[in-house]
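The values are calculated or read from the model by the stated rules, or taken from the named source; none is laboratory data. Bear in mind that the values here come from a model prediction, so they are computed numbers and not experimental data. As a convention, Cβ positions derive from the backbone with ideal geometry for all residues, glycine included, and neighbour counts pool all protein chains shown.
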Amino acid sequence: MKHIIYCTISMLVAAFLLLSCEKEAEMIELTSDLNGEWEVMAYLEDAPIHDGTFPLIITSSFPVKTDSITIRDTSKSFWNFQIKVAANHENGTFETEKSICEICDFGIGIKVLNGKVIDSDSICMEIQFEDDETPYGNTYLLKGHRKVEVADNN
């Protein structure tokens with residue numbers, strides 16, 4: 001009888017430890033080459049559509065099994081948008097068939113195609129907007145690099 005009780009208690013402790021380890025693994029934060037602030041330029045048919053770069057911020061909410069990122073044009077000099085996009089953190093790719101802008105007055109649709117991070121410091125994506133002259137009629141290319149923080153030597 002003591003042997004049965006001992007085995008039962010051992011199995012319960014083992015199960016508890018196994019479940020505790022799984023919960024801890026779920027809480028580990030994922031670092032991703034997708035996240036960060038990027039300086040990008042917008043192109044239409046290989047021609048820049050305005051002078052200079054503008055910031056694009058990409059964030060994701062964790063836990064480890066996250067499958068989306070948030071992309072935001074923070075400068076308001078391009079389109080002033082924020083959307084959620086499906087992401088694969090392992091290979092640095094992202095896209096969406098259609099997401100609704102989270103900060104626009106009107107719920108415009110936005111498509112992101114062929115988004116990818118290259119060598120953790122370059123980014124490119126194609127993007128289309130429902131509120132363009134012809135809905136989704138233009139494919140803009142956004143490409144650039146990760147914003148480099150300049151150290152303050154004071």
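Tallying residues that are among the polar types (S, T, N, Q), modelled with pLDDT under 90 and closer than 14 Å to His89 by Cβ within the range 39-79 yields 4.
Among the residues of the range 73-109, those that are over 18 Å from Gly36 (Cβ atoms) and among the polar types (S, T, N, Q) comprise Ser77, Asn80, Thr96, Ser99.
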